[in-house]
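Please read the structure below before turning to the comments.
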Amino acid sequence: MSKVATLEIDGKRYEFPVVEGTENELGINIKSLRGESGAITLDPGFKNTGSCESGITFLDGEKGILRYRGYAIEDLAEKADFLEVAYLLIFGDLPSKEQLEKFYDDIKEQSTVDEEMKKILDGFPKAAHPMGVLSSLTSALVAFNPSCVDVSSEQDMYNAIVKILGKFPVLAAWTLRKKHSLPLNYGDDSLGYVENLHKMMFEKPGKKYEVNQSVIDALDKLLILHADHEQNCSTSTVRMVGSSHAGLFASISAGISALWGPLHGGANQAVIEMLEKIKEDGGDTKKFMAKAKDKDDPFRLMGFGHRVYKNFDPRAKIIKKSADEVLGQLGVEDPVLDIAKGLEKEALEDQYFVDRKLYPNVDFYSGIIYRALGIPVEMFTVMFALGRLPGWIAQWREMRLNKEPIGRPRQIYTGHTHREFQAVDKR
Ligand code: CMC
């Protein structure tokens with residue numbers, strides 16, 4: 001028997017169907033609530049509000065489970081590569097060899113950007129944050145690819161998808177190259193997606209591009225771990241903007257802006273800056289733990305806590321192990337890794353963090369690996385965006401295929417009631 005939820009307002013009862021997901025999550029379908037009762041629900045931060053039904057990513061925050069299209073993140077991080085995971089997220093199943101080859105060939109066909117884009121990049125000051133530049137360039141792509149906006153068929157969507165997957169790494173690499181006064185370049189079709197990205201970012205004029213395979217493997221794994229995370233702030237932004245039919249590139253550009261903030265993707269940069277600050281201050285982790293718990297102090301332990309995970313973030317577990325491996329393989333010694341481990345140990349034993357179920361999240365150790373791989377701190381969140389791109393695309397595509405209505409939340413108005421207008425000389 002299907003479940004029903006009953007709500008009583010001022011003695012009047014209303015019944016709503018309860019939707020059950022494949023992992024037994026329950027959602028009360030309140031579509032008819034306002035029409036029947038005149039009331040709406042109020043849920044700042046959408047802590048209890050489902051915005052859609054989705055078949056892409058499952059996560060259980062209490063048990064620390066994360067799966068893409070049914071596959072455990074641990075298996076994908078260990079056995080798949082980033083492009084396979086991108087295909088899986090976007091199209092629903094792991095690709096055959098032929099499907100994967102065609103997908104990559106189509107992406108490679110699209111891996112240049114209009115030369116005029118260089119003028120736009122040129123207009124930014126060198127000090128500009130790469131996330132702002134990347135968001136602007138992604139939005140500017142619309143002007144050079146207007147056919148990607150009005151997608152009325154799956155083929156149109158596919159064309160827009162391979163275009164953004166081809167062009168985005170070029171733009172990301174250029175944001176770094178501009179900052180470091182390096183000539184703008186293109187990739188090499190003979191390389192895999194992630195190695196090609198790495199080459200575009202780091203090749204130096206006049207020098208043969210060479211890279212340690214363990215660097216590419218670590219980068220690939222990090223991108224997989226970031227590839228999707230259901231209805232988080234940036235993904236909800238992508239779906240919201242896309243719901244107005246603004247097009248994929250404009251939606252992704254908005255997602256990049258949402259990801260930039262330190263409470264979301266920007267946390268990876270904030271974590272390393274925090275760890276450096278603790279190191280420079282003499283390494284007294286207890287002092288910073290006390291600051292994090294002090295309600296009069298705005299300081300928070302960056303890389304800790306999560307809206308959904310009330311247990312270990314499974315991505316953080318994989319990244320912590322990977323940090324040890326990568327630093328070992330590359331022979332890098334980073335004193336902030338010890339500070340991070342010390343901070344984690346203290347937090348996990350501290351009543352404040354235990355009571356609030358605050359565990360290390362994906363961003364706590366990722367910056368340490370990025371740094372070991374030679375990626376500058378200000379590029380950390382760009383790396384997150386590169387990883388999250390397939391997730392944003394998959395969520396946008398699902399939203400369009402499901403013909404979801406335009407996103408438009410309601411509000412409870414708390415301002416003035418009607419006021420009579422006074423001319424300026426009478427105020
Ligand atoms: N340090 C100290 N206290 C914290 C922290 C923290 N990092 N995170 C949460 N709290 C406290 C918070 O003060 C509150 O305490 P109280 O109940 O006494 O008022 C309680 O824990 C619940 O926190 P909240 O802010 O209501 O929880 P939220 O779900 O709204 O916020 C969060 C989640 C991730 C924004 C928050 O934990 C945070 O700011 N963490 C630091 C930033 C960070 O690492 N962000 C990356 C998130 S994972 C990557 C991604 O997908 O974006």
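The values are calculated or read from the model by the stated rules, or taken from the named source; none is laboratory data. The shown structure was predicted, so the numbers you read here are calculated from the model rather than taken from an experiment. Methodologically, a virtual Cβ is constructed for each residue, glycine included, from the backbone with ideal geometry; neighbour enumeration extends over all protein chains shown.
Look through segment 31-88, keep the residues that are part of a helix (DSSP H, G or I), more than 30 Å from Ile107 (Cα to Cα) and not charged (D, E, K, R), and return whichever of them is farthest from the ligand (Cβ to nearest atom).
First, the residues of segment 31-88 that are part of a helix (DSSP H, G or I): 33-37, 44-46, 73-79, 82-88.
Now restrict to residues that are more than 30 Å from Ile107 (Cα to Cα): 33-37, 44-46.
With not charged (D, E, K, R) added as a condition, the list becomes 33, 35, 37, 44-46.
Numbers: Leu33: 25, Gly35: 31, Ser37: 28, Pro44: 10, Gly45: 6, Phe46: 10 Å.
Among them, the one singled out is Gly35.
Checking the condition modelled with pLDDT of 95 or more and surrounded by 14 or more Cβ atoms within 10 Å (Cβ to Cβ), which residue from Ser96, Ser54 passes?
Ser54
Could you list, ordered by first residue, the pairs with Cβ atoms under 6 Å in which the first is in segment 213-241 and over 16 Å from Thr57 (Cα atoms) and the second is within 14 Å of the ligand (Cβ to nearest atom) and assigned to a helix (DSSP H, G or I), at least 6 apart or interchain?
Correct list of pairs: Thr237/Gly255; Thr237/Ala258.
Give me a count of the residues in segment 105-163 that are farther than 20 Å from Ile256 by Cβ and of a type in the set (Gly, Ala, Ser).
Residues in segment 105-163 being farther than 20 Å from Ile256 by Cβ and of a type in the set (Gly, Ala, Ser): 3 in total.
Of the residues that sit in segment 303-329 and are within 12 Å of the ligand (Cβ to nearest atom) and of a type in the set (A, V, I, L, M), which one is farthest from Asn268 (Cα to Cα)?
Here the residue is Val308.
Return the total of residues in segment 114-145 being assigned to a helix (DSSP H, G or I), free of Cβ contacts under 8 Å to residues at least 12 places away in the same chain and more than 16 Å from Asn185 (Cα to Cα).
Qualifying residue count for the region: 1.
Quick check on my filter: what residues within segment 256-273 are within 16 Å of Pro130 (Cα to Cα), surrounded by fewer than 23 Cβ atoms within 10 Å (Cβ to Cβ) and more than 11 Å from the ligand (Cβ to nearest atom)?
The answer is Ser257, and nothing else.
Starting from segment 250-263, take each residue that is free of Cβ contacts under 8 Å to residues at least 24 places away in the same chain and list its partners that are outside any helix (DSSP H, G or I) and surrounded by fewer than 21 Cβ atoms within 10 Å (Cβ to Cβ), counting only C-beta distances under 8 angstrom and pairs at least six apart or across chains.
Every condition considered, no pair remains.
Of everything in segment 231-250, what is outside any helix (DSSP H, G or I) and either away from the ligand (no atom under 16 Å from the Cβ) or among the acidic types (Asp, Glu) (or both)? Give them in sequence order. Please lay out each step first, then the result.
Going residue by residue through segment 231-250, those that are outside any helix (DSSP H, G or I) are 231-232, 243-247.
Scanning segment 231-250 gives Ser243, Ser244, His245, Ala246, Gly247.
Which one of these does Ser253 not meet: (1) within 14 Å of the ligand (Cβ to nearest atom); (2) at pLDDT 95 or above?
So Ser253 meets the others, but not (1).
More than 16 Å from the ligand (Cβ to nearest atom), assigned to a helix (DSSP H, G or I), among the hydroxyl-bearing types (Ser, Thr, Tyr) and closer than 21 Å to Leu401 by Cβ - does that describe any residue in segment 19-27?
Scanning segment 19-27, I find no residue that is more than 16 Å from the ligand (Cβ to nearest atom), assigned to a helix (DSSP H, G or I), among the hydroxyl-bearing types (Ser, Thr, Tyr) and closer than 21 Å to Leu401 by Cβ, so the answer is no.
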